[in-house]
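First up is the structure itself, then whatever we jot down about it.
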Amino acid sequence: MQLIAMLTMLIDHAGIVFFPDQIWLRVIGRIAFPIYAYALVQGHYFTRSRTKYLFRLFILALLSQIPYQLALDPDGLNVVVTLFVAAAVLQILERNLSLAAKAGITLAFCVLMEGFPFDYGAYGLLLVLAFRYASSEKLLGAHLLLNILYLIAFGAGAVLQMLSIVPTLVIVYGPYLWKKIEQARVRAWVWRSFYPLHLTVLAVLQRLDA
């Protein structure tokens, strides 16, 4: 699972930097984020210390920001910032709050993430929440509904995101296959450092190619 997420993200970002006219590279890249969202929920659920888990995400987000701005978007916030906020929201929502308060908090963060240049914006948060709270029977429908709403909100520019349903299909309907994929583990330092490192390499290559 981790290898697929890293490889598809690398293909996506390499396509943005070096082959912006090759849409098929972006198509492949749609696979990555749902896997990261799923992994975030699993990490949140099984970690021994959620405080330390948040701290690691925060540090990784800081380390990734400059490479992200150099390689992909000089004005945006990288995807680990999105995942950090999503993890923080998960912790807030698991407190003893009323349903109305939880809905209000979720809405407030969605507005915040759309108002500022978060990678994936409110979509990223809502997909994480879908992986956390939707049952396996309803997860595919929740993801599909989110993609449709995203398409309505952003039009043709969001068509590619419809393809992000593919890994969710595998999670829901291919548990045996998914179990086999998850057995292909990578070292923790490789998993944690891949995002800022690959962005740094792309930024360097981009400037050497200029």
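The values are calculated or read from the model by the stated rules, or taken from the named source; none is laboratory data. Model, not experiment: these values are computed from the prediction. Positions of Cβ are generated from backbone atoms using ideal geometry, with glycine treated the same way; all protein chains shown enter the neighbour counts.
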query: Would you say Asp75 is exposed (fewer than 13 other Cβ atoms within 10 Å of the Cβ) and touching a residue at least 24 places away in the same chain (Cβ under 8 Å)?
result: yes
message: Return the residues of the range 113-136 that are free of Cβ contacts under 8 Å to residues at least 12 places away in the same chain and either part of a helix (DSSP H, G or I) or loosely packed, with under 13 Cβ neighbours inside 10 Å (or both); say none if nothing qualifies.
response: Glu114, Gly115, Tyr133, Ser135
- line: Exactly one of Met1, Met9 is modelled with pLDDT under 95 and surrounded by 19 or more Cβ atoms within 10 Å (Cβ to Cβ), and that one is Met1
message: With modelled with pLDDT of 80 or more and either among the polar types (S, T, N, Q) or within 22 Å of Val80 (Cβ to Cβ) (or both) as the only criterion, which of Val190, Val166, Val159, Val172 stands out?
response: Val190
- prompt: Quick one: which of Ile23, Ile35, Ile31, Ile92 is within 20 Å of Ala134 (Cβ to Cβ), more than 18 Å from the chain's Cα centre (by Cα) and among the β-branched types (Val, Ile, Thr)?
  reply: Ile92
task: For Tyr53, indicate whether it is buried (at least 22 other Cβ atoms within 10 Å of the Cβ), within 24 Å of Met6 (Cα to Cα) and of a type in the set (Phe, Trp, Tyr).
output: no
- prompt: Looking at the range 1-62, what helices (runs of 4 or more DSSP H) fall wholly within it and have at least 1 residues that are out of contact with any helix residue (DSSP H, G or I) (no Cβ under 9 Å at 6 or more places or on another chain)?
  reply: 32-46
